[in-house]
Amino acid sequence: DSSYMSRSEMLDRIVSLMGGRVAEKIIGDDVSTGPSSDISRASDLARAMVTRYGMSDLLGPIVYGKDNDQVFLGMDYNHTKNYSDSYATQIDDEIKRIVVECETRCRDILDEHNDKLVLIGETLIRDEKINKDTFLKLMDENYNPEEIKEEAEIDEMIETPVIETEVENHVAEDITEV
């Protein structure tokens, strides 16, 4: 079941989601709006772990808040708060703790593999995008950087509009025949 995730899988997912922000901090010593969607998803996942799935050691196996399907005057009131303000603060603190710990774990991973981070960054700057196969080759410890460059050059040659030239020649031939 694709909706089934263990606590450790959810934490790993948050670590992964924090990768863009952490990479920006390591490489550029600054952050941008680029990873905002990932940060939002990481925060939502941490909130679900704490409030829906009872995965917080601090707050225990309790559901905080209740979802309902009430819609009133076009406004969605689908979350009912059934906990005190002090628990709301604890929930916020626990969500922050989870996300910050995952960000730290991500930082440790990227620091350990900084050479790969730099290699991917350089490849993205040069090629603007990379596909899964190229990414996996870059991550391979036995990769050959010249092989990657050759493949990028071949891909560039394939994307060159040779067809347009052939079409232009055909059109020119058709015009001269008329």
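Things to note:
- Complete set of residues in the range 26-38 that are at negative phi and free of Cβ contacts under 8 Å to residues at least 40 places away in the same chain: Gly28, Asp30, Val31, Ser32, Thr33, Gly34, Pro35, Ser36, Ser37, Asp38
- For the range 14-45, a residue qualifies if it is among the acidic types (Asp, Glu), open to solvent by less than 70 Å² (accessible area, probe 1.4 Å) and touching a helix residue (DSSP H, G or I) at 6+ places or on another chain (Cβ under 7 Å), and exactly one does: Asp38.
- When we screen Ile98, Ile91, Ile130, Ile120 for residues that are closer than 23 Å to Asp57 by Cβ, within 23 Å of the chain's Cα centre (by Cα) and modelled with pLDDT of 85 or more, the only hit is Ile98.
- Count of the range 81-140 residues which are among the aromatic types (Phe, Trp, Tyr) and closer than 18 Å to Gly20 by Cα: 1
- Failed condition for Lys149, given (1) open to solvent by less than 70 Å² (accessible area, probe 1.4 Å); (2) modelled with pLDDT under 85; (3) of a type in the set (Lys, Arg): (1)
The values are calculated or read from the model by the stated rules, or taken from the named source; none is laboratory data. If you're wondering where the values come from, they're calculated on a predicted model, not measured in any experiment. Because the Cβ atoms are built from the backbone with ideal geometry, glycine has one as well, and the counts that use them run over all protein chains shown. The area values use the complete protein model at the heavy-atom level, side chains included, leaving out ligands, DNA and RNA. Shrake-Rupley method; radii C 1.70, N 1.55, O 1.52, S 1.80 Å.
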